[in-house]
Ligand SMILES: Cc1cc2nc3c(=O)[nH]c(=O)nc-3n(C[C@H](O)[C@H](O)[C@H](O)COP(=O)(O)OP(=O)(O)OC[C@H]3O[C@@H](n4cnc5c(N)ncnc54)[C@H](O)[C@@H]3O)c2cc1C
């Protein structure tokens, strides 16, 4: 494809960079991945690993649905430690207003061939007896699943390596420009195409990218097998995810294969430190307990934070930069990057190789942000 050492150089070995490397290698491109840390150590290590179809916008639906199907296709190859489990999501409605949202969502998914089931209160109680009594009902999305993101990233990188991809860990990229990336210590790597997959830190490598850090907290309990069986999310979660306030919390819990319960989540803009904010954490745990009172006496064994990469229109940036068509972005996935990593990789490599994408890629092109600026 070129006389340079590599066809593609990717900055970042999170789930997105790993998926891109895997797809590049699968298509015969000579690819190198550089990360300042280890594989899957950024937001990928912090995330919940909920593989979820979402319906905030048609573009978000298309990417999450496409990606979820790709995860399902990959499932037979995933090693055990990726802990892929198609446990399904239940969107929990606390009152009749949220129940109306259940019906809206059900209809939206039905029209797009996503199987869902509306649960009245007795059916919800039967599936999740530890939810507080008096809920209005819920929506079961049975094809949603969960996985353990760092092991998924490692699997993708290892598969890429088996197909010839190179990986350089512990190397910080200081600069990217046409055809080359520069590492601390002055080393450089040359490639025809460059991909910035540095997550929330993408603007540090390429200033001007419209991505902001959105901090999140998680907590994990000791082992309580069978306490919950599905990923349980309050419908109010959508309000929280859309909130433009600096911070919000929502009930979002996940059963892990170990019997542990992963409790999320919070969203904060303007918080640059990785430390746990105990006030936010307490709010998040209180919210979880309101839905699952039995969580109260349980022990939490670990709490941590991570940074989502948020864009102004809540869609990721996938594609060439308007200023330089050889430099690609694969960032801005906010709270859906584990889910959408596989779809992102397909789209990105289709763009690089000039192949038609399976879903329209226009909504994710970085040039949309530039156009918004012109009209702002
Ligand atoms: C609390 C929380 C819960 C979440 N839950 C979910 C969920 O349930 N489902 C879901 O789909 N998504 C979820 N997400 C979102 C998901 O974790 C992210 O969207 C995803 O991990 C982003 O992956 P990434 O590869 O783009 O970024 P990252 O995983 O952050 O990877 C970026 C990599 O770039 C490297 N890097 C950065 N700067 C440099 C540099 N200068 N030089 C070299 N390397 C560099 C970093 O070391 C890192 O390894 C959640 C996120 C959070 C914070």
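Annotations
- Which listed residue is exposed (fewer than 13 other Cβ atoms within 10 Å of the Cβ), more than 23 Å from residue 226 (Cβ to Cβ), under 26 Å from the mean Cα position of the chain (by Cα) and at pLDDT 95 or above, from 60, 111, 72: 111
- Complete set of residues in segment 42-60 that are assigned to a helix (DSSP H, G or I) and either more than 15 Å from residue 335 (Cβ to Cβ) or near the ligand (Cβ under 9 Å from one of its atoms) (or both): 43, 44, 45, 46, 58, 59
- Residue in segment 303-320 that is without any contact (Cβ under 8 Å) to a residue 24 or more places away in the chain and either over 22 Å from residue 236 (Cβ atoms) or within 14 Å of the ligand (Cβ to nearest atom) (or both) present: no
- Checking each residue in segment 1-14 for being in a loop (DSSP other than H, G, I, E, B), in contact (Cβ under 8 Å) with a residue 60 or more places away in the chain and either more than 11 Å from the ligand (Cβ to nearest atom) or surrounded by fewer than 19 Cβ atoms within 10 Å (Cβ to Cβ) (or both) picks out 1, 2, 4, 5.
- Which listed residue, of 241, 197, is within 14 Å of the ligand (Cβ to nearest atom) and at pLDDT 95 or above: 197
- Among the conditions (1) in contact (Cβ under 8 Å) with a residue 12 or more places away in the chain; (2) in a loop (DSSP other than H, G, I, E, B); (3) within 16 Å of residue 228 (Cβ to Cβ), the only one that residue 272 does not satisfy is (3).
- Residues of segment 153-174 classified as within 14 Å of the ligand (Cβ to nearest atom), out of contact with any strand residue (DSSP E or B) (no Cβ under 6 Å at 6 or more places or on another chain), closer than 18 Å to residue 20 by Cβ and not in a helix (DSSP H, G or I), total: 0
- Unmet criterion (only one of (1) without any contact (Cβ under 8 Å) to a residue 60 or more places away in the chain; (2) in contact with a helix residue (DSSP H, G or I) (Cβ under 8 Å, 6 or more places away or on another chain)) for residue 203: (2)
- For segment 15-41, the set of residues classified as part of a loop (DSSP other than H, G, I, E, B), more than 6 Å from the ligand (Cβ to nearest atom) and crowded, with 19+ Cβ neighbours inside 10 Å consists of 29, 30, 39, 40, listed by residue number.
- Among the residues of segment 211-233, those identified as under 17 Å from residue 87 (Cβ atoms) and away from the ligand (no atom under 12 Å from the Cβ) are 221, 223, 224, 225, 226, 227, 228, 229, 230, 232.
- In segment 175-184, residue farthest from residue 211 (Cα to Cα) [restricted to those that are surrounded by fewer than 16 Cβ atoms within 10 Å (Cβ to Cβ) and within 12 Å of the ligand (Cβ to nearest atom)]: 184
The values are calculated or read from the model by the stated rules, or taken from the named source; none is laboratory data. Just so we're clear, the structure is a prediction, and the values are computed from it rather than from any experiment. Cβ sites come from the backbone with ideal geometry, for glycine too, and all protein chains shown count toward neighbours.
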